[in-house]
Amino acid sequence: MKVNNLLERALKFDFLTQEEGVFLYHNAPTADLAYVANELRKIQVPHGKVTWQIDRNVNTTNVCIANCKFCNFFRRPGHADSYITDIETYKQKIEETFKFGGDQLLLQGGHHPDLGLSFYANIFKELKSLYPNLRLHSLGPPEIAHIAKLENLSHIEVLRSLKESGLDSLPGAGAEILNDRVRRLISKGKCGGQEWLDVMRAAHQINLPTSATMMFGHIETIEERFEHLVWVREVQQEKPEGHYGFVAFIPWPFQDDGTLLKRLRGITNDVTGDEYIRMIALSRIMLPNIKNIQASWLTVGKRTAQLCLHAGANDFGSIMIEENVVSAAGAPHRFTSTSIQESIKEAGFEPQLRNQVYDFRTMPEQMEVQVIDY
């Protein structure tokens with residue numbers, strides 16, 4: 001294998017193999033990876049703008065029996081701090097989200113042993129009846145798999161019911177690294193990697209938009225990172241013609257502060273800014289059938305995220321009016337609707353507000369700018 005030959009093939013939108021991706025990771029200069037990924041971005045996203053979003057991450061519950069070793073957020077059933085969010089809290093948070101210009105809730109929780117399909121379907125129906133213009137980007141493949149097991153239903157039956165109840169799109173949560181060697185060590189209570197992919201296949205069959213993610217920089221090998229990328233690409237290739245499939249891919253580094261992985265096994269986040277930029281570029285190169293690549297400013301900070309916009313990323317994600325899970329493991333970065341646009345402009349791009357499926361939104365005429373106080 002030769003670096004130049006592989007990069008030439010990448011510029012033709014060839015599907016590089018896992019082994020070829022690993023070779024580029026170890027041998028290609030960052031500048032070359034960034035150049036090729038940036039050229040691919042220009043072709044795939046010809047408007048040249050950097051998109052961003054206003055939404056809010058609200059947790060349905062913090063009760064979870066998955067016992068992931070990188071999560072500080074969850075509480076076991078019966079814990080004094082456990083909760084299930086009530087409708088009045090949702091209303092308060094939704095109305096505040098609208099005030100800040102948002103149009104969407106990212107609703108996620110845990111593997112609660114007592115909350116089945118009817119619980120989530122009823123929440124979605126009630127929220128949509130109260131707020132018809134609210135978009136629900138909710139749950140994730142592990143939660144869908146958990147509900148399916150509780151109800152003895154198929155993935156597609158659960159997804160159809162939730163879509164009929166108001167679910168607009170399915171986040172790529174819980175992917176971590178899809179290889180089951182890794183999952184057994186860090187998230188044994190969640191579905192396996194192939195089941196994660198199968199849930200996404202089912203979502204694509206009913207044209208439910210999804211995203212895909214990768215949390216890296218913990219116990220995985222480089223080979224397992226690229227296996228993950230190839231598996232995601234294969235599922236995208238299988239989606240029915242004209243269906244959304246994966247609308248975006250979002251890689252981010254493991255956040256280690258206070259986690260069991262760090263305390264018990266000494267695993268820390270050693271991902272440098274350069275390594276993250278390389279993984280963004282290689283995500284664009286390895287996933288030529290996914291149009292949008294998002295830089296995770298929440299986990300890597302403004303400066304590194306800005307550089308990613310010149311290395312294949314075309315999206316800055318959401319300002320996340322509220323986010324509790326990743327922040328609980330030490331992600332300190334914050335943006336407002338004003339500062340995220342300023343950051344995109346500083347990087348040399350025009351900011352463009354979007355919705356979950358990357359349709360452009362007009363900036364609301366009347367909206368407040370959030371005050372960051374947490």
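Comparing V45, V158, V58 in a Gaussian network model of the chain (Cα springs below 10 Å), the most mobile by mean-square fluctuation is V45.
Counting only heavy atoms of the protein chains, get the accessible area per residue of the range 118-276 (1.4 Å probe) and round it to a whole Å² value.
Numbers: 6010 Å² over 159 residues.
With all protein chains present, the range 118-276 gives 38 Å² per residue.
Normalise the Cα radius of gyration of the range 81-138 by 2.2 N^0.38 Å (N = residues in it) and let me know the number. Spell out each step's value before the answer.
Numbers: Rg = 11.8 Å, N = 58, 2.2 N^0.38 = 10.3 Å.
Normalised by 2.2 N^0.38 Å, the Cα Rg of the range 81-138 equals 1.15.
Add +1 for every Lys or Arg and -1 for every Asp or Glu among the other residues with Cβ under 15 Å from the Cβ of G348, and state the total. So the environment of G348 carries a net charge of +3. Partner lysines whose Cα lies under 25 Å from the Cα of K291, excluding those fewer than 8 positions away in the same chain, are identified as K12, K42, K49, K163, K239, K302, K345.
Under a Gaussian network description of the chain, with springs only between Cα atoms under 10 Å, the residue in C191, C308, C64 that fluctuates furthest is C64.
What does the charge count around L130 come to, taking other residues whose C-beta lies under 15 Å from its C-beta (Lys +1, Arg +1, Asp -1, Glu -1)? Mind dumping the intermediate values first?
On the way: positive: K91, K93, K125, K128, R135; negative: D86, E88, E95, E96, D103, E126.
The answer is -1.
Within a straight-line Cα-Cα reach of under 18 Å, K93 can be paired with the following lysines, leaving aside sequence neighbours fewer than 8 residues apart in one chain: K125, K128.
Ignoring any ligand, DNA or RNA, what whole percent of the accessible area of the chain comes from carbon and sulfur when the probe is 1.4 angstrom?
Numbers: 7220 of 14900 Å².
Within the chain, the accessible surface is 48 percent carbon and sulfur.
Each of [x] 57, 48, 44; [y] 75, 55, 43; [z] 55, 52, 47 is a candidate for Cα extents along the principal axes in Å; the one calculated from this structure is [x]. For N292, nonlocal amide neighbours, meaning residues 5 or more places apart or on other chains whose placed amide H falls under 5 Å from its own, are F249.
Let me check I've understood the local charge: for V45, count other residues with C-beta under 14 angstrom from its C-beta, Lys and Arg +1, Asp and Glu -1. What total comes out? Its environment carries a net charge of +2.
In order along the range 158-172, the Karplus-derived 3J(HN,Hα) couplings, from 6.51 cos²θ - 1.76 cosθ + 1.60 at θ = phi - 60°, round to 5, 5, 4, 4, 5, 5, 5, 8, x, 5, 9, 7, 10, x, x Hz, and Gly and Pro are given as x.
The values are calculated or read from the model by the stated rules, or taken from the named source; none is laboratory data. Note that this is a predicted model, so its numbers are computed, not measured. All Cβ positions, even for glycine, are placed from backbone atoms using ideal geometry, and neighbour counts span all protein chains on display. For accessibility, only protein heavy atoms count, side chains too; no ligands or nucleic acids. Shrake-Rupley method; radii C 1.70, N 1.55, O 1.52, S 1.80 Å.
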